[in-house]
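Novice: This structure is in structure tokens; I'll ask about it shortly.
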Amino acid sequence: AASAGPVLEVEALSKHFGGLKAVDEVSFTVTRGGIHALIGPNGSGKTTTLNVLSGLYKPTAGRVRLDGRDITHLPPHARAAAGLGRTFQNIRLFRSMSALENVVIGAERPGNEFAGADRATLQARARAALAFVGLEARAEEPVSAFSYGHQRLIEIARALAGNPSLLLLDEPAAGLNTSEKGALTGLLRRVAAKGVTILIIDHDMTLVSDVANHITVLNFGRRIADGVTATVLREPAVIEAYLGQ
Ligand code: ADP
């Protein structure tokens with residue numbers, strides 16, 4: 001997180017599955033400190049882009065830089081060590097372990113300043129992350145005792161405990177009710193205010209237009225719009241892509 005330039009630079013990224021161009025020469029830049037959303041109708045290439053960014057898929061072509069460092073060919077764990085934190089569309093927590101133990105795993109991320117710290121330091125770090133999402137009082141309870149919405153918050157706390165440069169959120173509002181979505185919106189704003197840059201992938205337009213300051217829009221694997229939220233959402237190509245769903 002030391003670098004002053006953009007957090008993430010995606011250059012002419014492509015991912016083809018046989019003849020299908022799921023992602024087709026997509027470029028965008030995530031500037032430091034904001035909330036950037038990658039949106040688009042179903043099948044537009046959002047998840048594929050996310051999987052290429054997190055290292056689960058090898059790109060067919062293109063380049064990805066995190067904090068100025070080329071991470072295009074790094075495996076997922078090395079990207080995490082380089083400062084890429086993420087949550088998953090399907091929550092991935094250890095359900096029988098406590099919320100705190102799950103978040104300690106995030107604090108232990110290699111490359112993080114706390115990585116080699118003693119148990120007490122890691123636990124203090126994890127507690128602070130749980131406090132940040134409002135769940136410190138229940139730190140010792142097993143994950144299985146929490147509501148779905150709260151489990152999403154624990155996942156965010158786990159990613160934050162690793163002190164990432166960029167937090168990738170894969171459909172964080174999926175399965176949340178209206179009040180939980182409102183709480184999530186507030187939390188994401190506080191994360192960004194703390195200086196952690198967020199890249200959010202979601203098709204929930206209400207959430208995206210509430211929190212994102214910058215939007216990149218995909219349709220059929222191609223970038224069709226990119227810019228400041230209010231401007232992008234008024235672009236005819238974007239409105240048409242969403243109406244055409
Ligand atoms: P989104 O997340 O925007 O809904 P996806 O990235 O999941 O879109 O999908 C983009 C396109 O790539 C779709 O046509 C989808 O069917 C296709 N696709 C996604 N993953 C695979 C895969 N593993 N193999 C073949 N085609 C895929």
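Novice: What is the spin-label model distance, in nm, from SER27 to GLU140 if the labels are put 7 Å beyond Cα along the C-beta direction?
Specialist: For SER27 paired with GLU140, the spin-label model returns 5.6 nm.
Novice: Can you check what the Kirkwood hydrodynamic radius comes to for the chain, Cα pairs only, in Å to one decimal?
Specialist: Details: mean 1/r = 0.0548 Å⁻¹.
Answer for the chain: a Kirkwood hydrodynamic radius of 18.2 Å.
Novice: Which loop-located GluC sites (Glu not before Pro) does the stretch 98-173 contain, where loop means any DSSP state but H, G, I, E or B and the Cβ has at most 12 other Cβ atoms within 10 Å? List each step's numbers first, then the result.
Specialist: Numbers: sites: GLU101, GLU108, GLU113, GLU136, GLU140, GLU155; in loops: GLU108, GLU113, GLU140.
Listed in order of number, the matching sites are GLU113, GLU140.
Novice: Whole angstrom only: what separates the Cα centroid of the stretch 175-201 from the Cα centroid of the stretch 81-124?
Specialist: 19
Novice: Still on this structure: Report ³J(HN,Hα) in whole Hz for each residue of the stretch 126-139, in order, from the Karplus equation J = 6.51 cos²θ - 1.76 cosθ + 1.60 where θ = phi - 60°; Gly and Pro get x.
Specialist: 5, 4, 5, 5, 5, 4, 4, 8, x, 10, 4, 4, 10, 3
Novice: Separate question: For the stretch 90-163, compute Rh as the Kirkwood radius over C-alpha pairs and then the Stokes-Einstein diffusion coefficient at 20 °C and 1.002 mPa s; write the answer in µm²/s, rounded to an integer.
Specialist: On the way: Rh = 11.7 Å.
After rounding, the answer is 183 µm²/s.
Novice: Another one. Determine the gain in length on full extension of the stretch ALA78-ASN177; use 0.36 nm per residue of separation and subtract their C-alpha separation, reporting nm with one decimal. Intermediate results must be reported in sequence, preceding the final value.
Specialist: Numbers: separation 99, 0.36 × 99 = 35.64 nm, distance 3.46 nm.
Gain on extension, ALA78 to ASN177, equals 32.2 nm.
Novice: Check each of the trypsin sites (Lys or Arg not before Pro) in the stretch 167-203 and keep only those in coil by DSSP with at most 13 other C-beta atoms within 10 angstrom; list them in order.
Specialist: Details: sites: LYS181, ARG189, ARG190, LYS194; in loops: LYS194.
Answer in residue order: LYS194.
Novice: For the chain, what does the helix formula give at 222 nm: sum of -39500 (n - 2.57) over DSSP H segments with n ≥ 4, over the residue count, nearest 500 deg cm²/dmol? Before the final figure, lay out the partial values.
Specialist: Values: 9 runs with 87 residues, N = 245.
That comes out to -10500 deg cm²/dmol.
Novice: Also: Can you run phi through the Karplus equation (6.51, -1.76, 1.60; θ = phi - 60°) for the stretch 74-82 and list ³J(HN,Hα) in whole Hz, with x for Gly and Pro?
Specialist: 7, x, x, 5, 6, 5, 4, 5, 7
Each value in this text was obtained by applying a stated rule to the coordinates, not by laboratory testing. From a predicted model like this one, the values you see are computed outputs, not experimental measurements. As a convention, Cβ positions derive from the backbone with ideal geometry for all residues, glycine included, and neighbour counts pool all protein chains shown.
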